[in-house]
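Single-structure report; data block below.
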Amino acid sequence: MAADLYTRYQAAHTAYRTHRATCTTCTDTSRCPTGQRLFESFAALQDAYLNRQRPDRG
């Protein structure tokens, strides 16, 4: 499960980076609706992945 979650979070990061590289509206401090959706998806998956990792490190 963790490997799948990692893959999904990395794919979400790639999707956001790809969008950000071509979007003329997105900046470091504001995002277009699509950029915001992609960033939120990436952030949520990253948080889920990192939270899943924490118990394994104890």
All positions within the stretch 25-50 that are without any contact (Cβ under 8 Å) to a residue 40 or more places away in the chain, more than 10 Å from the chain's Cα centre (by Cα) and closer than 16 Å to residue 10 by Cβ: 50
Residues satisfying the stated conditions in the stretch 25-54, i.e. modelled with pLDDT under 95 and open to solvent by 100 Å² or more (accessible area, probe 1.4 Å): 28, 29, 52, 54
Single residue of the stretch 1-24 satisfying the filter (open to solvent by 80 Å² or more (accessible area, probe 1.4 Å) and closer than 17 Å to residue 49 by Cα) that is modelled with the lowest pLDDT: 1
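The values are calculated or read from the model by the stated rules, or taken from the named source; none is laboratory data. All of these numbers come straight from a predicted model, not from anything done at the bench. As a convention, Cβ positions derive from the backbone with ideal geometry for all residues, glycine included, and neighbour counts pool all protein chains shown. Surface accessibility is based on the protein's heavy atoms, side chains included, excluding ligands, DNA and RNA. Shrake-Rupley method; radii C 1.70, N 1.55, O 1.52, S 1.80 Å.
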